[in-house]
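Single-structure report; data block below.
The values are calculated or read from the model by the stated rules, or taken from the named source; none is laboratory data. Bear in mind that the values here come from a model prediction, so they are computed numbers and not experimental data. Here Cβ is always computed from backbone atoms with ideal geometry, including for glycine, and neighbour counts include all displayed protein chains.
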Amino acid sequence: MLSVSAMSRTSSTSMPNSTSAQNATRAISPECEFALTEPGAGSDTQALVTEYAPTSNDGELSLNGHKKWISCAQFADIFLVFGVLGQRSVACLVGRGTPGFSIEPIRELLGFRAAGLAELHFENVRVPAANMVGKPGFGLSHVAAARPNEVPLLRRRER
Ligand SMILES: Cc1cc2nc3c(=O)[nH]c(=O)nc-3n(C[C@H](O)[C@H](O)[C@H](O)COP(=O)(O)OP(=O)(O)OC[C@H]3O[C@@H](n4cnc5c(N)ncnc54)[C@H](O)[C@@H]3O)c2cc1C
């Protein structure tokens, strides 16, 4: 089971698409899940087909694709979504509830029912370029090399 801790003192109002009615713990520590696996790709990032594309707005990317077997996706607030931008792999933060982003629970499992597994669907989802974690080509290594409290998942939102 893969997950990224997004511990942050970010307020709920500055989280992407978070609902203010959620409990205080989530406001202080939003749940962020690691979304790498796709129907045709596991740990092999070269096989990813989820795609980020430039838009006419320099500050935004367009995201299209499909993720599968994502832990706690039924409950998470934010997702670290891996994909390709041109020839390079990238990872960006995408908030639950962003237009074009839908979450499909995986039900009827023999086990892991409490894991909240789901598939993620992205259809022309607009993602701020500032939500990119690391540089193109280094998204996975950036996350793997960082200690949990050093991953700048949400810190940049505090500026
Ligand atoms: C309960 C559960 C929870 C999960 N939660 C998450 C989650 O939260 N987020 C998420 O993203 N995924 C999640 N997954 C998916 C899981 O991480 C993948 O199933 C896993 O990555 C296996 O992918 P794979 O089948 O490609 O096999 P892998 O184990 O990735 O690959 C199979 C073998 O091929 C090797 N290999 C990989 N790439 C290459 C290559 N290019 N060349 C040569 N050898 C290679 C690997 O080293 C490995 O030995 C979850 C799965 C389950 C069952």
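Okay, residues lined up against (1) farther than 10 Å from Ala35 by Cα; (2) surrounded by fewer than 17 Cβ atoms within 10 Å (Cβ to Cβ); (3) among the polar types (S, T, N, Q):
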residue	(1), (2), (3)
Ser71	no, no, yes
Phe75	yes, yes, no
Val81	no, no, no
Gln87	yes, yes, yes
Arg96	yes, no, no
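When Gly134 is tested against (1) farther than 13 Å from Ala35 by Cα; (2) surrounded by fewer than 16 Cβ atoms within 10 Å (Cβ to Cβ), exactly one condition is not met: (2).
Scanning region 102-139 for residues that are more than 16 Å from the ligand (Cβ to nearest atom) and not in a strand (DSSP E or B) returns Ala129, Ala130, Asn131, Gly134, Lys135, Pro136, Phe138.
Check off (1) modelled with pLDDT under 95; (2) of a type outside the set (Gly, Ala, Ser); (3) within 21 Å of Leu48 (Cβ to Cβ); (4) exposed (fewer than 14 other Cβ atoms within 10 Å of the Cβ) for Arg159 and give me the number that stays unchecked. Failing condition for Arg159: (3). Annotation note: Cβ proximity below 8 Å between a residue of region 133-155 that is over 19 Å from Glu51 (Cβ atoms) and modelled with pLDDT under 75 and a residue that is among the hydrophobic types (A, V, I, L, M, F, W, C) and assigned to a helix (DSSP H, G or I) (sequence gap 6+ or interchain) occurs for Val151/Val143.
Looking at region 56-74, I want the residues that are free of Cβ contacts under 8 Å to residues at least 40 places away in the same chain and have a partner that is part of a loop (DSSP other than H, G, I, E, B) and within 7 Å of the ligand (Cβ to nearest atom) with Cβ atoms under 7 Å, at least 6 apart or on another chain. Which pairs are those? Pairs found: none. For Leu80, state whether it is within 11 Å of the ligand (Cβ to nearest atom) and either over 22 Å from Gly111 (Cα atoms) or not in a loop (DSSP other than H, G, I, E, B) (or both). When the stated conditions are applied, Leu80 passes them. Of the listed requirements (1) surrounded by fewer than 16 Cβ atoms within 10 Å (Cβ to Cβ); (2) touching a strand residue (DSSP E or B) at 6+ places or on another chain (Cβ under 8 Å); (3) of a type in the set (Ser, Thr, Tyr), Ser56 misses just one: (2).
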